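Visitor: Below you will find the structure I want to go over with you.
The values are calculated or read from the model by the stated rules, or taken from the named source; none is laboratory data. Predicted, not measured: the structure shown is a model, and the values here were computed from it. For neighbour counting, all protein chains shown are included, and Cβ atoms are generated from backbone atoms with ideal geometry for every residue, glycine included.
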Amino acid sequence: MKRLIIIPAFNEESNIEKTVTAIQQTAQDFDYVIINDCSGDRTREICERNGYNIVNLPINLGIGGAVQTGYKYAYQHNYDVAVQVDGDGQHDPEFLNLMATHLMDNHLDMVIGSRFIEKKGFQSSKARRIGIIFFSWLIKLLTGKRITDPTSGLRMVGRNVMALFAIDYPRDYPEPESVVAVLRRNMKVEEIPVIMHEREGGVSSISLKKSVYYMVKVTLAIIIERIRKY
């Protein structure tokens, strides 16, 4: 079974080496590809100096475009499983084999790594946890499925979801909206408990100023995704 780790990276010069090293040490059964989203720092230089497998985007596409590029890569290179691991070091690759086993043994389409099942490790800020609880409630209302960590970027998918995301993937803050896209097609999604780490360097894409925009935009996007035709 061919397995690919998609690493979206934008200005992750302080984290990318540690992220790849952790993957090489704990997830040897996986290939990886770094999607460098036109970083303005030394991310590209560090990756090329170390001989990492990297795709350099000529313009900044944002997190959605970078991740979708990874799904296109995975689908076109005939991978059976693809998983997003952010380049900021928050996602622990130690859980990837467990996620893959759960995905295959239970014939699932998506497995989400949730930090809120066992409530261990970094639990995000209080303000973001409020938003996460809201999105969890909204997704349950619209789909009937409770997702405890709808903003988690640590998601593993099979070929069906890979094909869907390679064609159609949200641009901004894509995690909650893309989960709804999968659920409304009656695909099987489950969560497993994982431990996440606090970002050690770099800057999050969601600042305090963007929080209100984030809540409104994602709420509307989730509702539209739920009601639109395939």
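Visitor: Hey, can you tell me all the residues within the range 116-128 that are touching a strand residue (DSSP E or B) at 6+ places or on another chain (Cβ under 9 Å) and either modelled with pLDDT of 85 or more or more than 12 Å from PRO193 (Cβ to Cβ) (or both)?
Guide: Step one: list which residues in the range 116-128 are touching a strand residue (DSSP E or B) at 6+ places or on another chain (Cβ under 9 Å), which gives 116-124.
Selection gives PHE116, ILE117, GLU118, LYS119, LYS120, PHE122, GLN123, SER124.
Visitor: Taking the range 26-55, which residues are loosely packed, with under 14 Cβ neighbours inside 10 Å and assigned to a helix (DSSP H, G or I)?
Guide: GLU45, GLU48, ARG49
Visitor: Return yes or no: is GLY113 among the small types (Gly, Ala, Ser) and touching a strand residue (DSSP E or B) at 6+ places or on another chain (Cβ under 9 Å)?
Guide: Working: among the small types (Gly, Ala, Ser): yes; touching a strand residue (DSSP E or B) at 6+ places or on another chain (Cβ under 9 Å): yes.
Yes.
Visitor: For the subset of the range 1-25 comprising residues that are hydroxyl-bearing (Ser, Thr, Tyr) and assigned to a helix (DSSP H, G or I), which member is surrounded by the fewest Cβ atoms within 10 Å (Cβ to Cβ)? Steps first, answer last, please.
Guide: From the range 1-25, those hydroxyl-bearing (Ser, Thr, Tyr) are 14, 19, 21; that's our starting set.
Subsequent filtering for residues that are assigned to a helix (DSSP H, G or I) retains 19, 21.
Details: THR19: 24, THR21: 12.
For the range 1-25, the residue satisfying everything is THR21.
Conditions (1) surrounded by fewer than 20 Cβ atoms within 10 Å (Cβ to Cβ); (2) touching a Phe, Trp or Tyr at 6+ places or on another chain (Cβ under 9 Å), marked per residue:
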{"position": "ALA127", "(1), (2)": "yes, no"}
{"position": "ILE147", "(1), (2)": "no, yes"}
{"position": "VAL161", "(1), (2)": "no, yes"}
{"position": "ALA166", "(1), (2)": "yes, yes"}
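Visitor: OK, next. Going residue by residue through the range 105-115, is there one that turns out to be surrounded by 14 or more Cβ atoms within 10 Å (Cβ to Cβ), over 20 Å from TYR169 (Cα atoms) and in contact (Cβ under 8 Å) with a residue 24 or more places away in the chain? Walk me through how you get there before you give the answer.
Guide: First, pick out the residues of the range 105-115 that are surrounded by 14 or more Cβ atoms within 10 Å (Cβ to Cβ): 108-115.
Right, trim to over 20 Å from TYR169 (Cα atoms) and you get 114-115.
Narrowing further to those that are in contact (Cβ under 8 Å) with a residue 24 or more places away in the chain: 114-115.
Yes, the range 105-115 contains a residue that is surrounded by 14 or more Cβ atoms within 10 Å (Cβ to Cβ), over 20 Å from TYR169 (Cα atoms) and in contact (Cβ under 8 Å) with a residue 24 or more places away in the chain.
Visitor: Out of the residues in the range 200-230 meeting the condition of being closer than 21 Å to SER136 by Cβ and loosely packed, with under 11 Cβ neighbours inside 10 Å, tell me which one is modelled with the lowest pLDDT. Spell out the reasoning first.
Guide: The initial filter retains those residues of the range 200-230 that are closer than 21 Å to SER136 by Cβ, namely 204-206, 210-227.
When the remaining residues are screened for being loosely packed, with under 11 Cβ neighbours inside 10 Å, the result is 212, 216, 227.
Values: VAL212: 82, VAL216: 91, ILE227: 89.
Out of the qualifying residues, it is VAL212.
Visitor: Sticking with this structure for a sec: May I ask you to list the residues in the range 150-164 that are of a type in the set (D, E, K, R) and more than 25 Å from ILE117 (Cα to Cα)? Can you show your working first?
Guide: Applying the first criterion (of a type in the set (D, E, K, R)) to the range 150-164 yields 155, 159.
Listed by number, the list holds a single entry, ARG159.
Visitor: Within the range 181-199, can one find any residue that is in a helix (DSSP H, G or I), more than 23 Å from ALA82 (Cα to Cα) and modelled with pLDDT under 95? Full working, then the answer.
Guide: The first filter runs over the range 181-199 and keeps only residues in a helix (DSSP H, G or I), leaving 181-183.
Pick out the ones that are also more than 23 Å from ALA82 (Cα to Cα) and you get none.
No, that holds for no residue.
Visitor: Can you find a residue in the range 84-95 that is among the aromatic types (Phe, Trp, Tyr) and within 26 Å of ASN186 (Cβ to Cβ)? Steps first, please.
Guide: Looking only at the range 84-95, we keep the residues that are among the aromatic types (Phe, Trp, Tyr), and these are 95.
Subsequent filtering for residues that are within 26 Å of ASN186 (Cβ to Cβ) retains none.
So far as the range 84-95 goes, no, none of its residues is among the aromatic types (Phe, Trp, Tyr) and within 26 Å of ASN186 (Cβ to Cβ).
Visitor: Right, next: Answer yes if at least one residue in the range 77-84 is out of contact with any Cys (no Cβ under 8 Å at 6 or more places or on another chain), of a type outside the set (Gly, Ala, Ser), touching a residue at least 12 places away in the same chain (Cβ under 8 Å) and on the phi > 0 side of the Ramachandran plot, and no otherwise. Explain how you work it out, then say what you get.
Guide: The first filter runs over the range 77-84 and keeps only residues out of contact with any Cys (no Cβ under 8 Å at 6 or more places or on another chain), leaving 77-84.
If we keep only those that are of a type outside the set (Gly, Ala, Ser) too, we end up with 77-81, 83-84.
Right, trim to touching a residue at least 12 places away in the same chain (Cβ under 8 Å) and you get 77-81, 83-84.
Filter once more, so that each one left must be on the phi > 0 side of the Ramachandran plot: 78.
Yes, some residue in the range 77-84 is out of contact with any Cys (no Cβ under 8 Å at 6 or more places or on another chain), of a type outside the set (Gly, Ala, Ser), touching a residue at least 12 places away in the same chain (Cβ under 8 Å) and on the phi > 0 side of the Ramachandran plot.
Residues are listed down the side, and each one gets a yes or a no for (1) touching a helix residue (DSSP H, G or I) at 6+ places or on another chain (Cβ under 9 Å); (2) among the β-branched types (Val, Ile, Thr); (3) farther than 16 Å from THR219 by Cβ:
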residue: LEU98; (1), (2), (3): no, no, yes
residue: ARG128; (1), (2), (3): yes, no, no
residue: ARG155; (1), (2), (3): yes, no, yes
residue: VAL179; (1), (2), (3): yes, yes, no
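Visitor: Just one of ALA74, ALA66 is in a helix (DSSP H, G or I), in contact with an Asp or Glu (Cβ under 7 Å, 6 or more places away or on another chain) and surrounded by 15 or more Cβ atoms within 10 Å (Cβ to Cβ); which is it? Before the answer, list the steps.
Guide: Details: ALA74 fails: in contact with an Asp or Glu (Cβ under 7 Å, 6 or more places away or on another chain).
Of the residues listed, the single one that is in a helix (DSSP H, G or I), in contact with an Asp or Glu (Cβ under 7 Å, 6 or more places away or on another chain) and surrounded by 15 or more Cβ atoms within 10 Å (Cβ to Cβ) is ALA66.
Visitor: Do we find a residue being over 14 Å from ASN160 (Cα atoms), more than 13 Å from the chain's Cα centre (by Cα) and not charged (D, E, K, R) anywhere in the range 80-94? Write out each step before concluding.
Guide: To start, the set of residues in the range 80-94 that are over 14 Å from ASN160 (Cα atoms) comprises 84-94.
This time we only want the ones that are more than 13 Å from the chain's Cα centre (by Cα), so: 94.
Adding the requirement that they be not charged (D, E, K, R) leaves none.
Among the residues of the range 80-94, not one is over 14 Å from ASN160 (Cα atoms), more than 13 Å from the chain's Cα centre (by Cα) and not charged (D, E, K, R), which makes the answer no.
Visitor: Return only the number of the condition from (1) touching a residue at least 12 places away in the same chain (Cβ under 8 Å); (2) closer than 21 Å to PRO8 by Cβ; (3) acidic (Asp, Glu); (4) surrounded by fewer than 15 Cβ atoms within 10 Å (Cβ to Cβ) that ASP88 does not satisfy.
Guide: With respect to (1) touching a residue at least 12 places away in the same chain (Cβ under 8 Å); (2) closer than 21 Å to PRO8 by Cβ; (3) acidic (Asp, Glu); (4) surrounded by fewer than 15 Cβ atoms within 10 Å (Cβ to Cβ), ASP88 is out only on (4).
Visitor: Can you find, within the range 129-145, the residue that is surrounded by the most Cβ atoms within 10 Å (Cβ to Cβ) among those that are modelled with pLDDT of 95 or more and among the basic types (Lys, Arg)?
Guide: Among residues in the range 129-145 that are modelled with pLDDT of 95 or more and among the basic types (Lys, Arg), the one surrounded by the most Cβ atoms within 10 Å (Cβ to Cβ) is LYS145.
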